[in-house]
Amino acid sequence: MKLKKSGYQLGIIYIVASAFCFALMNLFIRLAGDVPSLQKCFFRNLFALFIAVAALVRSKTPFRIGKGNTKYLLIRSTAGGLGMMCNFYAIDHMNISDASMLNKLSPFFAIIFSVYVLKEKANRYEWFAVICAFIGALFVVKPSFSFDVLPAIAGVLGGFGAGLAYTYVRKLGMRGEKSMIVVAFFSGFTTLLLTPNLVLHYVPMQMNQWGFLCLTGLAAAGGQIFITKAYANAPAKEISVYDFSIVIFAAILGGIFLKQRPDWLSVVGYVIIIGTAIIKTRRSILK
């Protein structure tokens, strides 16, 4: 029992550390300045590719894809790549706390996709959680008939892409694919996908912008490492709610470094979405 409690506590520490790293990543993306969002995506994935390949080489893991898994890796990488592009665009054009919150709609999208992709059955409480989450998202998005709402729509689409990607990550895990193979394939695929845009529309960067993009890659790697450790120490259903701490970290970092303040409607949306996640998590634990 003591070991279980220790693992649970470690899981919480690791997932909060992961959320902090991803909040830092969002801050560094914004601090990189007027570099196009797709160019930021390219270098973020290029750095991640180096780290993933280094991890495979260090562990002496051969890059061998399981039989029948290539199509699922392509779907995961396409969905994740498009979701990341939308998320980067949202981060560049709205409060990083709002963008972080909209990206965290991914677990609720994953409930929807798991019904169709994994043939899992969602109960009425899970469907109710999805509805509540989208009501909360409306407070953050604040729909209007103007182009000002485009970054928020991109943020929701980022959560949509991430939710679909995570569903296929789970499917690949169920089929026995190694996690670092999934990470390396995703990083390599998105780097190749973004290469033509980089070649055709490359914008020269200053030294400080290179520095912030390097920090973006390091923060992203830290987030991936910590979240992997978190789920190795405790079940996802018990600790995943702590991942929403990214919104708190993003709000603090945005306030200190970017002078950003979420408005009261966004705060109401945060409360609805995070509250829904807490209730859903408690129900999962008590089952």
* Asked: How are the Cα pair distances of region 38-162 distributed, in percent, across 5 Å bins from 0?
  -> 2, 10, 15, 18, 17, 15, 12, 7, 3, 1, 0
* Using 12 Å as the cut-off for backbone N distance, which residues of region 117-156 belong to the label zone defined by a point 7 Å from the Cα of SER284 along Cα→Cβ? -> 126
* Structure fact -> Net charge near VAL140 (other residues with Cβ under 12 Å of its Cβ; Lys, Arg +1; Asp, Glu -1) is 0
* **Compactness index (Cα Rg / 2.2 N^0.38 Å), region 128-210** => 1.52
* To do: Kindly rank 108-121, 267-280 from highest to lowest mean number of other beta carbons found within 10 Å of each residue.
  => 267-280, 108-121
* Just from the alpha-carbon atoms, what are the Rg and Dmax of region 33-84 in angstroms? -> 13.9, 43
* **More than 16 Å apart - percent of Cα-Cα pairs taken over region 197-287** => 72
* Structure fact -> Checked against a 21 Å limit on the C-alpha separation, the offending pairs among LYS121/LYS171; LYS71/LYS178; LYS40/LYS71; LYS60/LYS178; LYS121/LYS142 are LYS40/LYS71; LYS121/LYS142
* Mind running the shape call on region 70-126? Use the C-alpha gyration tensor, a ≥ b ≥ c as the square roots of the eigenvalues: rounded below 1.5 for a/c, prolate if a/b tops b/c, oblate otherwise. => oblate
* Mind jotting down the three principal axis lengths of region 91-234 based on Cα atoms? Whole angstrom, largest first. => 52, 45, 29
* Which option, (i) 0.98; (ii) 0.93; (iii) 1.22, is the value of Cα Rg over 2.2 N^0.38 Å that was calculated from these coordinates? -> (i)
* **Anchor LYS229: aspartates and glutamates whose Cα lies under 19 Å away (excluding residues fewer than 8 positions away in-chain)** => GLU177, GLU238, ASP243
* Accessible surface, per residue, of the chain when the full set of protein chains is kept, probe 1.4 Å, Å² -> 52
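Could you check how much of the accessible area of the chain is carbon and sulfur, as a whole percent, using a 1.4 Å probe?
Of the solvent-accessible surface of the chain, carbon and sulfur hold 70 percent.
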* Starting at 0 and stepping by 5 Å, how many percent of the alpha carbon pairs of region 107-168 end up in each bin? -> 4, 18, 23, 23, 16, 10, 5, 1
* Asked: What aspartates and glutamates could a cross-link reach from LYS259, if we take a straight Cα to Cα line under 17 Å and drop same-chain neighbours fewer than 8 places away?
  -> ASP92, ASP98
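The values are calculated or read from the model by the stated rules, or taken from the named source; none is laboratory data. None of these values were measured; they are calculated from a predicted model. A quick note on method: Cβ atoms are made from the backbone with ideal geometry, for glycine too, and the neighbour counts reach across all protein chains shown. Quick note on the areas: whole protein, heavy atoms, side chains included, nothing else; ligands and nucleic acids left out. Shrake-Rupley method; radii C 1.70, N 1.55, O 1.52, S 1.80 Å.
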